[in-house]
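Worksheet for the structure shown next.
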Amino acid sequence: MLRNLHTLLTEQTQKLQLLLEEVAQLKVEISRLKKERQEVNQAALELASEVYIRRSDWALKSSGATIDMQRTSKTYDCKENWGCRVLWFFHTPNPPDTILEPDISPGNCWPLQGHQGQVVIRLPARVHLTAVSVQHTYKEVSPSGTVTSAPRDIAVFNTHRAFAHIKLIVKSNWGNTAYTCIYRVQVHGKMEEQENLS
C-alpha cells in the first residue's frame, strides 16, 4: 500500500510538473501576444496619423471651400409633397454647403432634388486629387429609418493635373425618387505647390 501511495505521489508530481510547464508556456505566449498587440496598436496609430496628414480635407468650408451654385443641382423642394410639407413645416432644407461641414449627425444633409444630380465644389487651392470620400448616416439612426436617399453610384472625373474645382455626379441613389441626401464630401490630395516642392 505504501508502494501504491508512492507511485501515485510520483505520478501526481509528474502531472503537476507538466501543468507548471504548460502554465509557463502559456505565460510566454500571453506575453508575446500582448507585445504583438501593442506593436499592432502602435502601427495602427501611426498609420491613422499618416493617413490623416496625407488625406487632409480640401472640401472644408472653414478652410475656404465653397459651392458653385450655378453648376450645382437644385435643393429638394417639397411643395408638391403634402407629407413632406408637414414634416418640414418648421425646418427649411439644408443648403448645399452643408456637405462642406464635418457634422454628419442624422438629418444634417443636403437634399438634392431627384435621384440624380451634381454638386461642384470650389477648392481653396489647386489640388492634385488622391481620393474623394462621400459619407451618409447609418440606417439605424436615419430620421426616416432608411437609407434609400443615400447616393449609390457616383462619379468624379480626375486627370493627372491639379484642380481648383471638383464635380461630384450622383448617377443614382438607393431608391428614393424625390431626393438624394449628401451628408459630407471630403476631397483629399496635395496642394499643387506642395507637390512641386517635394
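Laboratory data are not the source of any read-out in this text; all were calculated from the coordinates shown. Since this is a predicted model, take the numbers as computed values, not measurements. Note: ideal-geometry Cβ built from the backbone for every residue, glycine included; neighbour counts use all protein chains shown.
Observations, loosely collected:
- Here the label points at Glu101 and Thr130, each 7 Å from Cα along the C-beta direction, are separated by 2.9 nm in the simple model.
- Restraint check, Lys167/Lys190; Lys74/Lys190; Lys61/Lys139, Cα-Cα greater than 20 Å: Lys74/Lys190; Lys61/Lys139
- Phe163, Phe157 arranged by Cβ crowding within 10 Å, fewest neighbours leading: Phe157, Phe163
- Here Thr92 and Arg161 are evaluated by their C-beta separation; at R0 = 35 Å the FRET efficiency comes out at 0.35.
- Principal-axis tilt of helix 2-54 within the chain, Cα atoms, nearest 10 degrees: 20 degrees
- Listed values [x] 223; [y] 129; [z] 173, entry calculated as volume of the Cα convex hull per residue in Å³: [x]
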